[in-house]
Each structure stands twice: as structure tokens, then as C-alpha cells.
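Here the structure comes first, spelled out in C-alpha cells, and everything after it is commentary.
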Amino acid sequence: MTPPEDADIRRAVPPVICYPNDTLPLANMSLYAEALEGADVISRHTAAPREACAFEVPAGHFFRITCAETPQVGDLNLWNAHDLTERFYSGKTRALHGSHVTTGDRLWSGFPYLRPMATIVADTLGWYGRDAFGGAVHDVIGTRCDPYTHQLLAGNDYHHCCHSNLTRALADARDLPLAEAEKHVHDVLNVFMCTGFTHDTGQYFMKASPVRKDDHLTFFAEIDLLGALSACPGGDCSAEHSSDTAICGPLLVEVMAPASGALAGWKSPVINGYDRSHGR
Ligand SMILES: [Zn+2]
């Protein structure tokens, strides 16, 4: 195809940030950091390799995901513990904070709620930044590995994709039939996963996660949360997923309670203020 004469001029137009985020409600990060220092672990949960675990986190508590053994990525789902229709919205979180999240970024719920469900308060991989390939960690790009795409591409059934692991964990946590639980499973935060888009073809890529044993990512629960975390069958995602080929390890989830009085003045965020009349 012959490009127009002014092609270079058109390409040279500078980009504009879609959602300038300097008017977002700010998290009180110093309050959270102080509260985290005095917090005690109240429950522990383990996502076994190629399995998922569910856990509850009361509003005003913390939860920490730790790489417990071999380098391992995790797929995280979050719901309002009292209403599964309010769930993590990976796409809008990406639009607001960028393709990868770290300390200070928040995980937002979908419409009509659109409020922070959790705030990232500590990230031992915060040093990674963006590498020469355009890769970074903790993405909100990927959807989750799932048996449908695997069936489409490989022509066989695999039952330990993150989608199925999360479905089983939610079904067990809420005593739901699998078909009902599956409807609530959604696009994830890819914890510890190192991903980006190739510069030439724009294809989604993954590479060996820089995570090592004891690295962790810590969140503050802004509302009462039900979480589910899958230890992805891709392991460190250096080669392939949706199979039993990769070396996989467990992920640890610790729920922590702050000392009483540590969150003086903090309030759980209310749901979005839009009146929902949609112009009628
Ligand atoms: Zn996965």
C-alpha cells in the first residue's frame, strides 16, 4: 500500500494520555504503610501448583501474595465479598494506571461501582521497571489462560488452566455449581508475570518472570473482599502455559490485620457517584 504524502507528519503527532489520573482520589499511602508495619497475619492460604485457593479479606486489612518456592506467576480475581457482581475490572484499571501495576496503583471494580477494591502497598519487584523488550511485571493486559482458547488452538482439553482453577476455587468457596461459579470468573491481575507487546508486531508476549522465592506483592483491602488466586500452569511463564510441562510452585496468601486504631480517619470508598439515568 502506498502511504499518503503526509504520512510522516501524521505519525509524528504526539500522543495524549487517555485518562490523566491526577484527579483520581488519592490513597493515603503513608497511613497504609504505617498500618502495615504493625499488622499481624490472621490467616494463611496456599495456591498449590496448577490449583487455586480462595480467601476473604475484611475491609481495612491487608493481603500479601508470596512466591513460596520456585518462580511462579499467579492469576488473581477479586470480588466484593457480599456481591459477586462487583468484581475487579482489569481493563479500566489498565486505562487508569497503565499496562502493569505497582505500589500506589489501585485495582478498580466494574460498572456501576467503579471504586477502588484494593490498593497495592508494597512490591518487592518494584525495581524491575520496563525492560529493553518493553516487558514489565504484574500486568493487567492478559486475560487468564483458559481451556476454550486452548481447545481452539491445540484441539484438546486441559483442565488446570487458571480459568478452571479459579472456577473450582470460587465454586468451593461459595458452594456454587461450577457453571454458576464460572460466570463470575473474570480477567485477572497477572501477579509476578512479566509481559509486554512486541515492538514490531504488537503481539502479547511473556518471558521468564524475575520473581524469586520470598518476593511478594501486598494489597490493602478497600472493601470486604473475596479473592481467588491461581498458581498458573505456566509456572514462571518462560515457555508455555495450558499444559503440565512447566515447573510450577505454590503461592502463599497471607491475610493481615492492622493494629486497632492504626487506620484512624480511613473510610471504605463508596460506589461511583454517577446517577445511572443515562440521559433519560
Ligand atoms: Zn494461567
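Rule-based calculations on the coordinates, nothing more; no lab input. On a predicted model such as this, the values are computed, not experimentally measured, just so you know. Here the Cβ is made from the backbone with ideal geometry for all residues, glycine too, and neighbour counts use every protein chain on show.
Could you grab me the full set of residues in the stretch 2-23 that are in a loop (DSSP other than H, G, I, E, B), over 14 Å from G98 (Cα atoms) and not polar (S, T, N, Q)?
Across the stretch 2-23, the qualifying residues are P3, P4, E5, D6, A12, V13, P14, P15.
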- Query: Would the stretch 181-196 turn up any residue that is part of a strand (DSSP E or B) and β-branched (V, I, T)?
  - Reply: yes
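Which one is surrounded by the fewest Cβ atoms within 10 Å (Cβ to Cβ) among residues in the stretch 99-136 that are among the β-branched types (V, I, T) and within 22 Å of C18 (Cα to Cα)?
Going residue by residue through the stretch 99-136, those that are among the β-branched types (V, I, T) are 101-103, 119-121, 124.
Right, trim to within 22 Å of C18 (Cα to Cα) and you get 101-103, 119.
Working: V101: 25, T102: 19, T103: 15, T119: 21.
Checked the stretch 99-136; the qualifying residue surrounded by the fewest Cβ atoms within 10 Å (Cβ to Cβ) is T103.
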- Query: Within the stretch 64-72, can one find any residue that is among the basic types (K, R) and more than 30 Å from I271 (Cβ to Cβ)?
  - Reply: no
- Task: Working only within the stretch 131-157, note down all residues that are closer than 30 Å to D215 by Cβ and assigned to a loop (DSSP other than H, G, I, E, B).
- Result: D131, A132, F133, G134, G135, V140, I141, G142, T143, R144, C145, D146
- What about T119, is it hydroxyl-bearing (S, T, Y) and under 17 Å from the mean Cα position of the chain (by Cα)? yes
- Query: For A136, are the conditions met, namely being touching a His at 6+ places or on another chain (Cβ under 8 Å) and away from the ligand (no atom under 13 Å from the Cβ)?
  - Reply: yes
- Query: So which of D244, D214, D172 ends up being more than 14 Å from the ligand (Cβ to nearest atom), in a loop (DSSP other than H, G, I, E, B) and more than 18 Å from the chain's Cα centre (by Cα)?
  - Reply: D214
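Of all residues in the stretch 24-53, which are not aliphatic (A, V, I, L, M) and not in a loop (DSSP other than H, G, I, E, B)?
Correct list: S30, Y32, E34, E37, D40, S43, R44, H45, T46, P49, C53.
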- Message: So for the stretch 223-234 (the condition being assigned to a strand (DSSP E or B), away from the ligand (no atom under 11 Å from the Cβ) and not aliphatic (A, V, I, L, M)), does at least one residue qualify?
- Response: yes
- Task: Please work out if V270 is part of a strand (DSSP E or B), more than 16 Å from the ligand (Cβ to nearest atom) and aliphatic (A, V, I, L, M).
- Result: no
- Query: Mind checking whether some residue in the stretch 142-158 is more than 25 Å from N21 (Cβ to Cβ), within 13 Å of the ligand (Cβ to nearest atom) and among the hydrophobic types (A, V, I, L, M, F, W, C)?
  - Reply: yes
